[in-house]
1. Whole-Hz Karplus ³J(HN,Hα) for segment 544-560, in order, using 6.51 cos²θ - 1.76 cosθ + 1.60 and θ = phi - 60°, x for Gly and Pro?
2. Which value, in debye to the nearest 20, gives the size of the charge dipole of segment 586-720 about its Cα centre, when Lys and Arg are +1 and Asp and Glu are -1 at the Cβ?
3. Which FRET efficiency, nearest 0.05, do Asp696 and Arg98 yield, Cβ-Cβ r, R0 30 Å?
4. Report the charge-dipole magnitude of segment 365-460 in Debye, nearest 20, computed about the Cα centre from +1 at each Lys and Arg Cβ and -1 at each Asp and Glu Cβ.
5. Determine the shape class of segment 646-742: with a ≥ b ≥ c the square roots of the Cα gyration tensor eigenvalues, call it rounded for a/c under 1.5, and otherwise prolate if a/b is greater than b/c, oblate otherwise.
6. Go ahead and run the numbers for FRET between Val64 and Met116, Cβ-Cβ distance against an R0 of 22 Å, rounding to 0.05.
7. Using +1 at the Cβ of each Lys and Arg and -1 at the Cβ of each Asp and Glu in the chain, identify which of Pro168, Pro187, Ser489 lies farthest towards the dipole's positive end.
8. I want the antiparallel fraction of DSSP beta bridges within the chain, as a percent rounded to 5.
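The values are calculated or read from the model by the stated rules, or taken from the named source; none is laboratory data. Computed from a predicted structure; not experimentally measured. Cβ sites come from the backbone with ideal geometry, for glycine too, and all protein chains shown count toward neighbours. To get the accessible areas, we keep the full protein, side chains included, count just its heavy atoms, and leave off ligands, DNA and RNA. Shrake-Rupley method; radii C 1.70, N 1.55, O 1.52, S 1.80 Å.
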Amino acid sequence: MLLGRIGHWLAPAYGVVGRAGHAVSSRIPTVPWARVGERVNVWSSGLDRVPHLKPVVLLLAFLVAVAFWTTPLPIADQFRLFLAVCVVMIIARRIPGRWPTMLMVSLSILMTGRYMWWRMTQTLNFATPIEAIFGYLLFAAEIYTWIVLFFGYIQTAWPLNRQPKPLPEDTDSWPTVDVYIPTYNEPLTVVSPAVLAAKSMDWPRDKLRVYLLDDGSREEFHRFANEVGVGYLTREEHRYAKAGNINHALALTSGEFIAIFDCDHIPTRSFLQTTMGEFIADPKCAMVQTPHHFFSPDPFERNYDTFLRIPNEGSLFYGLIQDGNDFWNATFFCGSCAVIRRAPLMEVGGIAIETVTEDAHTSLKMHRRGYRTAYLRIVQAAGLATESLSGHIGQRIRWARGMAQIFRIDNPWLRKGLTFFQRICYSNAMLHFFYGIPRLIFLFMPCAYLFFGLHVFGADAISVMAYVLPYLFVSGLANSRIQGQYRHSFWAEVYESVLAWYTVLPTTIAFINPKKGKFNVTAKGGLIEQEYLDWSTSKPYVWLLAVNIAALVAGIVRMFTTQRDEPATVLMNMVWALFNVAMLGAAVGVAKEARQVRVSHHVPLCVPATLVLPDGKTLACHTENYSTGGLGVVLPEALAMERGSALGVALSRGDIDYYFPAVVARNSGVHLGLKFEEWSHEKETQLIQCTFGRADAWVRWEEELVPDAPLHSFVEVIEMGYQGVLRLFDAGLDAVEATVMRRPRRSG
């Protein structure tokens with residue numbers, strides 16, 4: 001309500017600004033940016049053909065960069081330089097193509113390097129030892145961000161965008177494939193769709209063998225495997241978790257290739273035909289990875305209602321980073337939705353068991369042996385995201401611990417076999433999970449000045465703004481250009497603020513003692529019956545939020561009492577603390593778990609369908625969504641049918657039609673919700689073939705993502721931080737009310 005009222009007050013100002021912008025833009029000639037991008041590509045292609053030009057250009061660029069970084073400028077000229085670079089960045093952002101992206105990256109490197117030089121030579125002078133301790137802590141955190149920034153540019157600036165290779169026409173020459181679906185404690189309702197979809201993949205029947213690897217040794221799963229005709233493997237000794245489960249299966253099977261799916265990932269029928277051509281085209285290719293795609297919202301998407309509107313946390317990795325890794329032959333195995341050649345896998349001793357991120361460690365070992373890997377950014381399987389924030393954090397803790405273990409015992413820089421750029425890609429993947437300590441430093445550091453008056457930055461406020469703002473603004477625009485389709489601006493700060501507290505201890509312990517810690521299974525398929533604030537998980541954010549809010553109050557007091565001679569410094573630290581409050585507020589808001597009462601998630605799908613009415617008449621319609629338990633259809637006109645009425649619906653897979661008995665679960669005009677009846681493994685298989693297993697089931701996933709608009713993203717994150725604070729306040733009132741209501745009444 002408050003935001004709406006403020007928007008109403010500011011509407012006249014917005015109108016004036018909008019009309020002025022429209023008037024200015026209408027008088028500026030329209031620039032054909034697409035044509036400009038094409039000309040840049042033609043020009044760069046011509047230069048590429050000039051012999052020895054690249055080394056010369058790189059050497060000259062390095063010399064110019066060193067001069068740019070180290071040349072001192074008066075403050076006024078530094079601001080003018082910032083404005084000039086901003087103009088170039090804004091123009092380059094309008095031009096499509098990779099070369100304008102490289103220009104923006106280059107400008108970001110120049111401005112970051114200039115800030116680094118100034119930071120190292122001008123700001124590390126402290127008046128007291130305690131200021132030096134805090135100041136060097138902040139400087140160390142910044143060094144970490146610079147390394148990750150530069151490595152990230154190398155890793156993602158030129159994604160490969162590999163396309164599938166064709167298979168031979170003679171299917172007799174196609175290799176044999178074993179499909180592994182490991183499971184431990186997941187319910188059969190989660191596992192069965194993956195098994196049935198794997199069985200239905202388009203591959204010669206005599207060359208495809210599906211195995212359910214049940215590490216829980218459950219009779220129900222054994223019976224299910226026998227009923228649907230797949231192999232069932234279990235073991236007596238449950239050592240090394242998922243890695244041990246797969247290695248046990250490797251000893252009992254013989255396929256030339258191994259396709260691995262997490263038990264909640266449902267492959268499409270085209271999975272093998274899409275991936276296997278790469279192996280035939282390249283005998284040195286040891287592994288082909290495809291994206292992990294989720295048809296259910298993760299805790300961030302569900303609790304803030306951003307599903308299919310804002311890219312989720314994994315979109316950046318599977319949409320861009322793995323594609324960038326592929327350019328440097330550094331694609332690594334992600335545990336599911338991948339095919340591995342058996343011979344290289346056996347050569348490195350099977351799936352790695354030394355760390356809890358066995359997947360990435362396995363691909364690292366294969367890369368050391370000189371094998372190549374590939375990434376196809378084509379979604380060929382989809383699964384369930386983590387339901388709760390606590391489950392999500394637990395999964396990320398395991399990833400963080402495992403990457404720290406690899407960094408400690410099999411460091412990419414300390415052993416032979418990798419190229420320079422492979423070392424960078426693996427290092428950046430591992431360093432990413434060490435962000436916990438730097439993020440906490442950034443969250444606490446403004447409090448050092450606002451509470452205690454400690455100067456952790458040895459420079460005046462104007463100089464800080466002259467160097468920090470260009471660095472942050474230009475790098476933000478460059479990252480928005482590279483990552484904008486897969487990660488909106490400022491959302492990384494939200495994700496890291498949520499996870500930072502929980503990753504510090506596991507990564508630190510794993511780095512000191514890699515043998516500490518164990519594999520934890522990520523729960524999938526659960527329900528959240530009531531909305532609630534997860535106090536246990538959110539406790540660290542609540543304390544951090546309270547500290548930063550108290551620092552803001554201390555800043556107000558300081559500005560009008562003890563620090564009246566440094567208003568700019570106080571204000572700058574207060575802005576920093578206010579930004580922290582927004583990030584921490586968003587983190588607390590994510591811990592407010594929204595209800596999740598559907599066992600089967602509804603997935604959007606628009607395909608023709610035929611409704612078979614009780615009187616035998618048929619009605620052409622189309623679907624709008626589906627799940628493993630029902631179907632939503634859109635009718636050409638409203639149909640008077642009571643809830644519970646029996647009917648049927650026909651769906652097709654190619655030339656084959658399948659009939660599904662159903663009852664009406666809801667009827668709202670032309671929208672009809674159907675619940676399937678007379679369910680069996682055969683009917684479930686048919687439904688999967690018509691829905692989850694369709695070759696085109698997920699081909700448009702990237703089209704659903706909204707490109708980044710940095711200013712809009714900033715406002716959105718700030719609003720979510722505000723919502724988070726309100727959610728905390730509401731939950732606190734509910735907790736007080738519940739406590740008071742439970743108190744026994746006093747007599748008399």
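1. 4, 4, 4, 4, 5, 5, 4, 5, 5, 5, 4, x, 5, 4, 5, 5, 9
2. 400 debye
3. After rounding, the FRET efficiency stands at 0.60.
4. In total the dipole reaches around 760 debye.
5. It comes out oblate by the Cα gyration axes.
6. 0.85
7. Ser489
8. In the chain, approximately 70 percent of DSSP beta bridges are antiparallel ones.
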